[in-house]
């Protein structure tokens, strides 16, 4: 049994092939350049898809797979699965990517863990040592933070463009406007993560694990001093767990 595992985000698509036991290499492409679907194997039996890129793309993918007689399943969050209890009042309102990443994080850790996904948005989800999702945080990702300042203001945007470009974000005071914007992004994201991890630490009464994933993850790993693990394919890992579970159920 061969299953395509696909993670459709706002910016990138990641996909891999699950052979019934494990998944192969993860391929990454721009989600707005849909030639990537032509690279999906025609002989796959099914596709398991996490989609946060909108209904229009989901319809397009579903139709394309149907033409190849590949059964497509778009994952929706549920109340509990694979040892994790969804903390949302309405479980289906949780983002599918966040839910699937949490399943993978719990499988990896089995203890209190903060799951951080950094892309267009930055999300932080907290799971306690019993597998209960305590809830999460959604804030602008690094690029959105910077673009909101440079594009939605007059003076900041013009001064940043005048003083030499895009410095590497650091958690220190900036001495040019462009550095102050970049470093403001760094300290905002790092500060949010510090606070969230502190809340989980207080709740679990132990030091939580921190897993960081997403297309802009390295913008955070460079600026946050806390101990963490960078896991670039966390959603794909979660989809593989669901695919293996489906295989066991027959």
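Every number in this text was worked out from the coordinates using simple rules, so none of it is lab data. Note that the structure is a prediction, hence the values are computed from the model and not measured. Here the Cβ is made from the backbone with ideal geometry for all residues, glycine too, and neighbour counts use every protein chain on show.
Ordering 30, 219, 249 by the number of other Cβ atoms within 10 Å of each residue's own Cβ, fewest first, gives 249, 30, 219. If one takes the longest principal axis of the Cα atoms in the chain, at what angle in degrees, from 0 to 90 and to the nearest 10, does the Cα axis of helix 96-109 lie? That works out to roughly 90 degrees.
D by Stokes-Einstein for the range 1-52, Kirkwood Rh over Cα pairs, 25 °C, 0.890 mPa s: 221 µm²/s. Within the chain, antiparallel bridges make up roughly 60 percent of the DSSP beta bridges whose residues both belong there. For the chain, the longest principal axis of the alpha carbon atoms and the long axis of helix 234-249 meet at an angle near 20°. Measuring from a point 7 Å past the Cα of residue 132 along Cα-to-C-beta, which residues in the range 71-100 have an amide N at less than 18 Å? Counting only backbone N, you get 79-91. Potential lengthening of the chain between residue 155 and residue 21 amounts to 42.7 nm, from the contour at 0.36 nm per residue minus the alpha-carbon distance.
Relative to the longest principal axis of the Cα atoms of the chain, the long axis of helix 55-67 lies at roughly 30 degrees.
Length available on full extension from residue 32 to residue 67: 0.36 nm per residue minus the Cα-Cα distance, which gives 10.5 nm.
From Cα pairs below 8 angstrom and at least 6 apart in sequence, can you work out the relative contact order of the chain, rounded to a whole percent? Across the chain, relative contact order equals 18 percent. Shown here are the Rg and Dmax of the Cα trace of the range 1-100, at 13.8, 40 Å.
Per-residue ellipticity at 222 nm from helix content only, as computed over the chain with -39500 (n - 2.57) for each DSSP H run of at least four residues, stands at -12000 deg cm²/dmol. The convex hull defined by the C-alpha atoms of the chain has an orientation-averaged projected area of 14.6 nm². Here residue 143 and residue 170 are evaluated by their C-beta separation; at R0 = 22 Å the FRET efficiency comes out at 0.85. Across the range 89-232, Cα pairs under 8 Å and at least six residues apart give a relative contact order of 24 percent. Based on the Kirkwood radius over alpha-carbon pairs, what is the Stokes-Einstein translational diffusion coefficient of the range 89-232 at 37 °C with 0.692 mPa s viscosity, in µm²/s? In µm²/s, the coefficient rounds to 206. The residue 108 and residue 88 beta-carbon pair, evaluated with R₀ = 35 Å, returns a calculated FRET efficiency of approximately 0.95. Per residue, the average separation of C-alpha pairs within less than 8 Å and at least 6 apart gives the range 72-122 a relative contact order of 29 percent.
Where both bridge residues fall in the range 3-74, DSSP classifies roughly 50% of the beta bridges as antiparallel.
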